[in-house]
Amino acid sequence: MSERRVGYLGALLVAIGPVSMALYTPAMTELVRHFESSESVVKLTLTLYFGGFAFAQLIAGPLSDALGRRPVTIAFMLLYCAASVLAMLAPSVEVLILARFAQGVGASVGVAISRALVRDLFTGEQSSRIMNLIGIILALGPALSPTIGGLMLPVFGWRSIFVLMAAIGIFVIGVTIFAMKETVVRDPSRLNIRALAGSYRMLLTNIRFLTAAFVIGGALGAIYAQATFLPFILMQDVGLSPSQFGLSMLAQSGAFFLGSLLVRRLMTTYGSERLVLPGLVFIAAGSAGVATLLIWPPSFLHVMLPVAVYSFGIAFVMPAMSTAALAPFGKMAGAASSLLGFIQMGSGLVVGSIGALIGDTLFAMGLLIPVMGTVACVCYALYRRLPPLEPEQLAPDPASGPAVSAEPALAAPDR
């Protein structure tokens, strides 16, 4: 498959998770009223979605290594569609919580497969360009989704949001069948629990993987953590309506989209590695702005301007660090991609859960999001101290197609 096709397929797959989150968030306050429940219970529909999304990636990636990228994608998306129908018909908040967890499990295949596809076929700057293209297209879905959800809610009701999710799942299945080519040779012997545990143990003790993964976890994970904070801050503390909340989220996703476009142009001159540090400067600035929520009352600009600055910086960090995390692991691209996604989503899940335990949403966001930004900066400083990769460490998996590298930029980064 061409670089462009892999980029579009990867973007479509990886967007399923954020879109399913962003479409839903404008309905959260309405669901509190509809089910006569509490905020903490309705927040569980998002928390358990994150949980299913994060943990199921640890299964989806290795399954795709053994059984193939295409059949595993189709199977998980069928589960996603069934869970969307169950959520639409949910008679109680307990059924909705169960359906959202199953949705998260189904959507988890997107992150695991998209990055594994890229690692199967490309390395170096080509991989970074594809990751950037995925980021550009990925930004459009979450940018429009809260707006679409917010506009659908007063007209068609909250159940219509899950009808749309089911339709999206069916579309992804069709694209997988007709546009995605298989990139690994089916080998069920890879589905060995002991070997899989060994692979994850090796990844979890690899300092290069961990530092790169936690840069992404601190940066992008903040977006997922904020999804549990922003609906209640903007609709209750600031006083926005669901439709206004949906439009306000354009500040977050729009900043990421603009950053991704700029990065695409800068990469041709500077390479992806040199853009990480400027991105972390923006993340640090956004973290400082969010921290002021601890001392000043919230307003729309006070909340969303720092969020936008943080999101702008994420676009600079993602291409190089995603490629860096996966580069040495061609023989276990699915497992490495899954663990990377788990750390990314898991960090958001953990921070969102801590925020729920704190209870005060405004205080939680002002405290915890800056902590995530600090983690990203510290881990990148540790990553920079590591020696460069040797060329043989970039070898592709012999069970997949040949990896293509325009130039081994991440094999010996400019330090």
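With respect to the chain, whose longest principal axis is taken over its alpha-carbon atoms, helix 69-88 is tilted by about 0°.
For region 1-73, the set of GluC sites (Glu not before Pro) satisfying both a DSSP loop assignment and a count of at most 14 other C-beta atoms within 10 Å is given as GLU36. Where in region 165-201 does the label zone of PHE156 land, with the point 7 angstrom along Cα→C-beta and an amide N cut-off under 18 Å? Within reach of a label on PHE156, which here means backbone N under 18 Å from a point 7 Å along Cα→Cβ, region 165-201 contributes 165-172. Where Rh is the Kirkwood radius over the Cα pairs of region 143-284, the temperature 25 °C and the viscosity 0.890 mPa s, what D in µm²/s does Stokes-Einstein return? My calculation gives 126 µm²/s for D.
Along region 276-292 the Karplus relation, 6.51 cos²θ - 1.76 cosθ + 1.60 evaluated at θ = phi - 60°, assigns HN-Hα couplings of 5, 4, x, x, 5, 5, 5, 4, 5, 5, x, 4, 4, x, 5, 4, 5 Hz to successive residues, with x for each Gly and Pro. Placing a label point 7 Å from the Cα of GLU182 along the Cα-to-Cβ line, no residue of region 333-359 has its backbone N under 15 Å from it.
Measuring spread by the Cα atoms of the chain yields a radius of gyration and Dmax of 20.0, 60 Å.
Near VAL184, the amide H atoms lying under 5 Å from its own belong to ARG69; only residues 5 or more places off or on other chains count, and H is placed 1.01 Å from N. Rounded to the nearest 10 degrees, the angle from helix 124-156 to the longest Cα principal axis of the chain is 20 degrees. With the convex hull constructed from alpha-carbon coordinates only, region 26-73 shows a mean projected area of 4.4 nm² over all directions. So what's the angle, to the nearest 10 degrees on a 0 to 90 scale, between helix 300-326 and the longest Cα principal axis of the chain? So the inclination is approximately 20 degrees. With bins 10 Å wide beginning at 0, the percent of Cα pairs of region 1-142 falling in each bin runs 12, 38, 31, 14, 4, 0. Stretching LEU258 away from ALA82 to a fully extended chain increases their span by 59.9 nm, per 0.36 nm per residue minus the current alpha-carbon distance.
Starting from the Cα coordinates of region 236-377, work out the convex hull volume and express it per residue in Å³.
Spelled out: Cα convex hull of region 236-377, divided by residues, is 119 Å³.
Values in this text are rule-based calculations from the coordinates and carry no lab data. Source: prediction; values computed, not measured. Here Cβ is always computed from backbone atoms with ideal geometry, including for glycine, and neighbour counts include all displayed protein chains.
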